[in-house]
Structures are given as structure tokens and as C-alpha cells.
Amino acid sequence: MSDAARRTGGRQARLGRRARPQEAEAAQPESLVTTSANPDGPVLVLACGAIANEIIALREQLGVTDDAMVLHCLPAELHNRPGQIAPRVDAFLSEHRHKYSRVILGYGDCGTGGALDKVLERHEANRLPHAHCYEFFATTPRFNQITDAEIGSYFVTDFLVRHFDRLVWEGCGLDTRPEMLETYFGNYRDLVYLAQTDNPDLQTKAQEAAARLGLNYVYHKVGYGDLAEAIREAADV
Amino acid sequence: MSDGEEIILRDLSDADLVEQMKDDLYDGMAAEVHEGTQILLERGWDANDVLSEALVEGMRIVGIDFRDGILFVPEVLQCAGAMKGGMELLRPILAASDSKASLGTYVIGTVKGDIHDIGKNLVGMMLEGAGFEVIDLGINNPVDNYLAAIDKHNPAIMGMSALLTTTMPYMGVVIEELEKRGILKNLPVMVGGAPLNQEFADAIGATSYGRDAAVSAELAKALVGRNR
Ligand code: B12
């Protein structure tokens, strides 16, 4: 050891500032609960917070009350930590599945690599049969058409446009390190706004987002896509 | 991140300097890692030792904390940038010296339909650190790109990356094609990407699954019979 001082920093400093969140997570035993349904109970929609507004809008359109179709959301931030989606869904359903007649998940696979499906099987619940929300909003043929035409397409929805600063810009750390823009978005050409609603303010915001990312702006009004049918089916009206 | 306290790296002993470099790499401080590398070289360190003891070891710790949710993608990118700061100095020395023969060529690329490349680039950097000559095919690679690269570079190992559920199966398509052409029996194929797991890698017939960059570099060394 030399007498010269070292900087305080590195891993020890970091660990001092934060608990190890994952260790607690990993310690959780895998749930083996197979839950039963309540045939007289309401329908549960357990969804990513990123599509909460859309589900509420669809529920209203269908004239279904929030007693008949209960919406519960998990934080949209799990998007960036897909490893936590299946355990969080599992935990929620283990505790609450028995109250509901049917459960529909407002998720695609969302990068869980099949883990979510295993959980759903145990709890007799279904999800949208898509990879992610961009695909179910656009519907599969249209999504494929857009990506086949331009692989460098980066998709945003009403939700992501609204929360672009917090979820995309700050989520990528571009607020403090704008020089990382190229590392993140260097492979992209277009920002494709898959709009749920016709909202000029959001269109302006989306255009600004495209400019900040250095991408072309492309607009598609796609509405609720396959989410609409999934919610209608769940409501059984 | 440290508060930017001014310290004099040159005043540190070798052991402390290596520890400081690992911390600085963890904190994404590229200039400091660059300087530390320079100092160790001036003190007569072998470039390979600087690489493995300070940079690769530092990045290994970063990988663990990323996996455990302590570091996030933006921070990992900073760390990778800091490692590059040291690599710039070491690369020409390593290339010129024959102190350590290359472990062979490693062809790596993200599969068709997928343009995520942060993880792949990190793996490429760690493989380079481990002594492979890395040929990076970039993103969105159809099977023909892999075949052409195999023809051209005669790699010791090939690696594929996928981050999307929709593009993972394409790895299986490539492996099937390699099998059909009789290439697979002589060419280990590694796969990786966040949504993958060992089970999937086994199902598509990959030789091995790399959970993170450090593990992948170790696995790759083992595959060419150079695990130390
Ligand atoms: C950063 C990121 C992006 C960046 C990509 C920047 C870039 N240049 O790569 C941006 C924001 C641009 C982006 C875009 C998109 N993304 Co994205 N993205 C992520 C995110 C948050 C992290 C990925 C990452 O870089 N991790 C950091 C690195 C270090 O980890 P890694 O990639 O896992 O790599 C490590 C290991 O897996 C392994 N490894 C990796 N490759 C290889 C290869 C070999 C051979 C070996 C041995 C090992 C190995 O070692 C690496 C180093 O330790 C993930 C979620 C997540 N946490 O995984 C979503 C995620 C992968 N993306 C997703 C989606 C949907 C998209 C978009 C479609 C979104 C959109 N709005 O358009 C586009 C994709 C377009 C396309 N065609 O590819 C989804 C995928 C869902 C699904 N069903 O598959 C995810 C899971 C997020 C989610 N939950 O919805 N994305």
C-alpha cells in the first residue's frame, strides 16, 4: 500500500449508496402456486403502465364499468428490466388470481424470452399474442411492413411521446451524456410515431423528439390495433 | 461517480493504481483509465497484464453489477468507453508483439431483423481483451453474411446476438444452415442476448450460451482450449 490517496468511488462507493435490489429478488422462491378462478368475479386486466390510458379508453368505449373489468398496472419502467416482468406478474397473480373470473395480460412477450408465458400458464391467464406493444398497436402485418421497408425504425406511441423526456431521453442517460446519442440511435433512420389518438400536440412533441434523436419523422395513425379486440373479448360484450 | 477529487495517479503504488483504475473504469472515467494504463506501461508492465488485471477485471465487475441491477445500460456504456480509453494504448502494442499469439478469429454479429448492438459490442471488446481477433459483422445480418465471413476469415468461433423475441429464432435458422453445410462440426457457435437462456441455446443446437461479456470471453477461451 502506498501513502498516496485514492479517489473515493468505484464499486464500493456505489454499493454504499444503493442496496442490491436483485439479490432480494433472486432469493424469492419460484412460485408454484396454481391459483383457482372465481367464476362470479370480475375480469382483471393486468397491464404494463404504458398502456393504461388506452385500456381505460377502450373500457369506456365498450361501456364496461371498472367493477366489471378491473385494471391493475405494473410500472412501465419494467420495460427496461424485462427480467423482472414475469416474477412481478407471478407475484401479483399468486395473491389475487382467485378473485377474478378471467385474467388478460396487457403485455406482449416484451423480451421475457418465454418466461411470462410459463407464469401465465400456471395462473390460467392469457396475454396478447404479440412481441411488444408496438406490434399490437400497429397490428402484425403493418408492423412488419414498416420494419421491412426500413429496419432503422424506432417506434413511439402516445404514451412514449408524452413521456419521451423521462423514459427515452433520461432513460438512456442522454440528459447527462448527450454524446451517447450515436451509440444508442446510430443504427436508426426514422422515428415512427404509431399514434393511438389524433392529437396535434402529441404530433408536435413527436416531431421534436425525432429532431432531438436526429431521426426522420414518420407518422402512422394506427389507433388501438389488436388491443381493442383483446379488451372487447375480455369484456365479453 | 466520484466527486472528481484531484489525486495523483503517479503517486500510487502498482497495486493501488490497479485498484484505482478498476474504480475509475467502474465510474466511466476514460481519461483516468487511459492515464493509468500509460503509467503502468511506463513502469514496465506487460501490455497483456495491464489488460487482464486492470481493464478486463474492471469490466468483469461491471458485468456482475449490471446483471444484479446495480448498474444500468447508460452506466455500462460509460464503463465501456473508459475501457476503450485504455485499449487505445494497448491495442497497437499487443498487435505488434508476439508475446501472446492470437487465440484465433472470432466472427460476431447481430442477427437479421435486429439492430441492437450494445451487448454485442461489449462482448467483442472483451473477446479482444481475451486475445481474439474480432471480426464484427455489425447488425441485421442474414445467414449469407455469416457464411461469407466464415469463408473469408476461417474463424475459430462464431457468435450471434439477438435482443428481440422475434429475432431469436433466426439464430436457429443460421445454425441449421451451418449444420446442413457440414460447417457446424468444426465451428463452435456461441449465442447471447438478454432474452436468451441456456435452454433456448440448447434447443437451437448452439455450442454455448454467453450470459454476459466476461463469461462469454471465458467460455470462448475454453472453446479454443485456452482457459487459464
Ligand atoms: C438499450 C435498448 C435499446 C436501444 C438500442 C441501442 C443499441 N444501439 O443497441 C434502443 C433504445 C435504440 C432500442 C430500440 C428498440 N428496442 Co430495445 N432495448 C434496449 C434495452 C433497454 C437494453 C439492451 C442493452 O443494450 N442491454 C445492455 C447490454 C450490455 O446487455 P445485452 O444486450 O443483454 O448483452 C449482454 C448479454 O446478453 C451478452 N450478449 C449479448 N449478445 C451476445 C452475443 C454473443 C455471441 C454472446 C456470447 C453474448 C452476448 O453479453 C452482453 C454483455 O454483457 C432492452 C431491455 C433489456 N434490459 O434487455 C430493450 C429491448 C431489447 N428492446 C425492445 C424493443 C421492443 C425495441 C424496439 C422495437 C423499440 C422501439 N421503440 O422501436 C427497438 C428495436 C428495433 C430493432 N429492429 O432492433 C424490447 C424487446 C421486446 C421483445 N419482445 O423482444 C426490450 C426487451 C425492451 C422491452 N421490454 O420491451 N432498444
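Brief remarks on what is shown
- For the residues B:Gly129, B:Gly63, the requirement of being modelled with pLDDT under 95 and away from chain A (no Cβ under 14 Å) singles out B:Gly129.
- Of all the residues in segment A:160-180, those that are out of contact with any Asp or Glu (no Cβ under 8 Å at 6 or more places or on another chain), touching a residue at least 12 places away in the same chain (Cβ under 8 Å) and in a helix (DSSP H, G or I) number 5.
- Of the criteria (1) within 11 Å of the ligand (Cβ to nearest atom); (2) assigned to a loop (DSSP other than H, G, I, E, B); (3) farther than 21 Å from A:Glu54 by Cα; (4) not polar (S, T, N, Q), which one A:His130 fails: (3)
- Test result for B:Ile8, surrounded by fewer than 19 Cβ atoms within 10 Å (Cβ to Cβ), of a type in the set (A, V, I, L, M) and touching a residue at least 12 places away in the same chain (Cβ under 8 Å): no
- Being surrounded by fewer than 16 Cβ atoms within 10 Å (Cβ to Cβ) and not small (Gly, Ala, Ser) is a property that holds for B:Asp151.
- Residues of segment B:86-118 that turn out to be in a helix (DSSP H, G or I) and within 14 Å of chain A (Cβ to nearest Cβ), as a count: 1
- Residue within segment A:155-162 that is farther than 20 Å from A:Tyr219 by Cα, within 11 Å of the ligand (Cβ to nearest atom) and more than 11 Å from every other protein chain (Cβ to nearest Cβ) present: no
- Counting only strands (runs of 3 or more DSSP E) that fall entirely inside segment B:119-228 and contain at least 1 residues that are within 11 Å of the ligand (Cβ to nearest atom) and in contact (Cβ under 8 Å) with a residue 40 or more places away in the chain, the qualifying elements are B:157-161, B:189-192.
- Failed criterion for B:Val76 (all others in (1) within 26 Å of B:Ser161 (Cα to Cα); (2) away from chain A (no Cβ under 14 Å) hold): (2)
- In segment A:136-149, residue farthest from the chain's Cα centre (by Cα) [restricted to those that are within 12 Å of the ligand (Cβ to nearest atom) and without any contact (Cβ under 8 Å) to a residue 60 or more places away in the chain]: A:Asp148
- For segment B:22-37, the criterion of a residue being over 26 Å from A:Arg177 (Cβ atoms) and touching a Leu at 6+ places or on another chain (Cβ under 8 Å) is satisfied by no position.
- Taken together, the residues in segment B:18-41 that are surrounded by fewer than 24 Cβ atoms within 10 Å (Cβ to Cβ), of a type in the set (A, V, I, L, M) and under 17 Å from A:Arg11 (Cβ atoms) amount to 1.
- Inspection of segment A:212-223 identifies no residue that is of a type outside the set (Phe, Trp, Tyr), modelled with pLDDT under 95 and either in contact with a helix residue (DSSP H, G or I) (Cβ under 9 Å, 6 or more places away or on another chain) or near the ligand (Cβ under 10 Å from one of its atoms) (or both).
The values are calculated or read from the model by the stated rules, or taken from the named source; none is laboratory data. Everything quoted here is computed from the prediction, not taken from an experiment. Ideal geometry is used to build each Cβ from the backbone, glycine not excepted, and the neighbour counts take in all protein chains shown.
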